[in-house]
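Colleague: One structure, pasted below without further comment.
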Amino acid sequence: MDKKKLGKSVGIVVDVLMYAIMLTQMVYVFTGNIVHEVLGIGFFVCLAAHIIIKRKYLAGLLEFKGKSTARAVFNVSTLLLLAASAALMLSSMGVSRTLLPKFRLFGNVDMHVYLATAVLALAVLHGGMQGFIRTKKKKLAAVLIAAGCGASIAVGLALVPYLNRHFRAVDIDLAEKVSGEKVQWKGEKPLVVYFTRLGNTDFEDDVDAVSGASLLLADGHLMGSDQLIAEMIDDAIDCDVKAITLTVEKYPSSYGDTVSVAGNELRSKARPQIEPIDVSGHDTIILVYPLWWGSVPMPVATFLESGDFSGKELYLIATQGSSGYGSTIDDIKSMASGADVRPVMSIYCDDIPDSRERIGSWLAELNEQR
Ligand SMILES: Cc1cc2nc3c(=O)[nH]c(=O)nc-3n(C[C@H](O)[C@H](O)[C@H](O)COP(=O)(O)O)c2cc1C
């Protein structure tokens with residue numbers, strides 16, 4: 001095979017690999033994190049190979065003079081694809097938890113999904129335009145390109161979030177995740193108060209961790225992820241643990257419906273009724289809560305506004321799907337009047353089951369300072 005033919009064949013293999021990787025990356029929920037990260041590196045290696053193979057075309061990308069509209073669209077789509085790929089590379093490094101855990105710039109997960117969607121849609125446009133330029137059936141090619149780009153956007157913006165919500169099964173060995181080094185706590189033990197969907201939701205009978213996002217299957221039993229954190233703290237220092245529990249209306253079984261109910265509650269500053277939690281016997285309270293709409297779930301607001309927190313240390317452990325603490329530090333300061341509010345850590349939801357060591361180290365440090 002001559003050099004030109006070989007280059008062409010390698011180019012085709014690289015292109016097919018890139019499209020296959022892009023689609024596989026979209027089903028992250030099934031492949032898991034490590035496969036996603038390794039394939040991500042594979043994608044950028046393929047992209048580098050593609051750029052080297054096509055370097056002659058790339059050199060002429062900024063020349064628009066005398067070019068047909070189709071060629072101009074192709075050039076623009078290629079330039080946008082290169083820019084989006086560069087941004088995706090930075091964001092991939094930012095969200096990587098296993099291979100590049102120290103690089104935290106551009107670590108927003110939502111942004112990563114948007115950039116991946118843009119790269120997929122632009123790659124379809126880029127590949128489609130090459131076909132459009134060559135074919136005589138321009139109308140059919142245009143329809144196929146539009147459908148391909150539309151489908152790519154739908155995959156990234158609708159299918160990926162849907163799969164993440166409904167198929168994120170986190171099956172854990174409870175004892176293995178919860179037990180770790182014990183801390184010999186000096187003096188009065190903290191009270192741990194947590195809020196989680198489980199116990200506050202009317203789950204349908206057949207719900208499992210697969211259909212209930214943010215839930216875990218611990219030894220085959222449903223468990224809220226914030227409850228797991230509370231159990232990790234309890235394992236480390238053996239303390240009082242209380243769940244914030246709704247007494248009247250519970251949240252709907254469906255994740256999507258819960259999101260809209262929670263949004264309405266936040267807007268209307270609702271304070272749902274909860275089982276009273278007595279904080280009077282404790283000077284140190286650890287609050288474990290999920291971020292809901294960037295703030296705390298409204299039952300947590302009820303808890304914070306109904307107790308007397310003056311002079312108490314209130315340590316915050318937030319869990320979230322990308323937003324850090326959102327506005328919760330300020331929100332909690334205004335709700336728990338008089339409390340000395342101290343943010344401790346905000347844990348990304350996928351990292352919750354592996355947080356025991358981090359939590360134990362923080363408790364040991366806090367114990368030392370006392
Ligand atoms: C109603 C609702 C709203 C949410 N809003 C946000 C949000 O604004 N930002 C974010 O990063 N995660 C958000 N999440 C994701 C949760 O914070 C995340 O899944 C949490 O770790 C779940 O903990 P749990 O299993 O104990 O309920 C939301 C989840 C729900 C159910």
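Colleague: Would you check which residues across segment 242-282 are part of a helix (DSSP H, G or I) and surrounded by 13 or more Cβ atoms within 10 Å (Cβ to Cβ) and list them?
Modeller: Filtering segment 242-282 down to residues part of a helix (DSSP H, G or I) leaves 255-267.
Tyr255, Gly256, Thr258, Val259, Val261, Ala262, Glu265, Leu266 - these are the residues of segment 242-282 that are part of a helix (DSSP H, G or I) and surrounded by 13 or more Cβ atoms within 10 Å (Cβ to Cβ).
Colleague: Now a separate question. For segment 81-107, how many residues are over 16 Å from His36 (Cα atoms) and assigned to a loop (DSSP other than H, G, I, E, B)?
Modeller: Of the residues in segment 81-107, 5 are over 16 Å from His36 (Cα atoms) and assigned to a loop (DSSP other than H, G, I, E, B).
Colleague: Let me ask another. What's the total number of residues in segment 283-306 that are assigned to a loop (DSSP other than H, G, I, E, B) and either within 8 Å of the ligand (Cβ to nearest atom) or crowded, with 21+ Cβ neighbours inside 10 Å (or both)? Explain how you work it out, then say what you get.
Modeller: Residues of segment 283-306 that are assigned to a loop (DSSP other than H, G, I, E, B), as a first pass: 283, 291, 293-294, 296-297.
This time we only want the ones that are either within 8 Å of the ligand (Cβ to nearest atom) or crowded, with 21+ Cβ neighbours inside 10 Å (or both), so: 291, 293-294, 296-297.
Here the count works out to 5.
Colleague: Among the residues of segment 324-359, write down those that are closer than 16 Å to Leu191 by Cα and either within 14 Å of the ligand (Cβ to nearest atom) or of a type in the set (Gly, Ala, Ser) (or both).
Modeller: Within segment 324-359, Ala336, Ala339 meet the criteria.
Listed here are the residues, each with its yes/no results for (1) modelled with pLDDT of 95 or more; (2) farther than 30 Å from Gly256 by Cα; (3) surrounded by 13 or more Cβ atoms within 10 Å (Cβ to Cβ).
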{"site": "Thr98", "(1), (2), (3)": "no, no, no"}
{"site": "Val119", "(1), (2), (3)": "yes, no, yes"}
{"site": "Gly128", "(1), (2), (3)": "yes, yes, yes"}
{"site": "Val143", "(1), (2), (3)": "yes, yes, no"}
{"site": "Glu181", "(1), (2), (3)": "yes, yes, no"}
{"site": "Lys189", "(1), (2), (3)": "no, yes, yes"}
{"site": "Leu198", "(1), (2), (3)": "no, no, yes"}
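Colleague: Can you name the residue in segment 307-323 that is within 10 Å of the ligand (Cβ to nearest atom) and touching a residue at least 60 places away in the same chain (Cβ under 8 Å) and, of all such residues, is surrounded by the most Cβ atoms within 10 Å (Cβ to Cβ)?
Modeller: Thr319
Colleague: I've got another one for you. With (1) among the aliphatic types (A, V, I, L, M); (2) over 19 Å from the mean Cα position of the chain (by Cα); (3) outside any strand (DSSP E or B) as the list, and Leu222 as the residue in question, which single condition is left unmet?
Modeller: Condition (3) is where Leu222 drops out.
Residue-wise test of (1) of a type in the set (Asp, Glu); (2) in contact (Cβ under 8 Å) with a residue 24 or more places away in the chain.
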residue	(1), (2)
Asp15	yes, yes
Met18	no, yes
Met26	no, yes
Gly40	no, yes
Val76	no, no
Met89	no, yes
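Colleague: Here's another thing I want to ask about it. Checking Thr135 against (1) at positive phi; (2) exposed (fewer than 14 other Cβ atoms within 10 Å of the Cβ), which single condition isn't satisfied?
Modeller: (1)
Colleague: Here are the criteria: (1) in a helix (DSSP H, G or I); (2) at pLDDT below 95. Tell me which single one Ala48 does not satisfy.
Modeller: Looking at each condition in turn, Ala48 falls short on (2).
Colleague: Still on this structure, I have one more. Regarding Glu305, is this residue within 23 Å of Gln273 (Cβ to Cβ), more than 22 Å from the chain's Cα centre (by Cα) and of a type outside the set (Gly, Ala, Ser)?
Modeller: Working: within 23 Å of Gln273 (Cβ to Cβ): yes; more than 22 Å from the chain's Cα centre (by Cα): yes; of a type outside the set (Gly, Ala, Ser): yes.
Answer is yes for this residue.
Colleague: Just checking, how many residues over segment 328-344 are touching a Phe, Trp or Tyr at 6+ places or on another chain (Cβ under 9 Å) and buried (at least 16 other Cβ atoms within 10 Å of the Cβ)? Lay out the reasoning, then the answer.
Modeller: Going through segment 328-344, the residues touching a Phe, Trp or Tyr at 6+ places or on another chain (Cβ under 9 Å) turn out to be 328, 332, 335-344.
Okay, now just the ones that are also buried (at least 16 other Cβ atoms within 10 Å of the Cβ), so 328, 332, 335-336, 339, 341, 344.
Of the residues in segment 328-344, 7 are touching a Phe, Trp or Tyr at 6+ places or on another chain (Cβ under 9 Å) and buried (at least 16 other Cβ atoms within 10 Å of the Cβ).
The values are calculated or read from the model by the stated rules, or taken from the named source; none is laboratory data. These numbers were taken from a predicted model, which means no experiment stands behind them. Cβ coordinates were reconstructed from backbone atoms using ideal geometry, including for glycine residues, and neighbour counts include every protein chain displayed.
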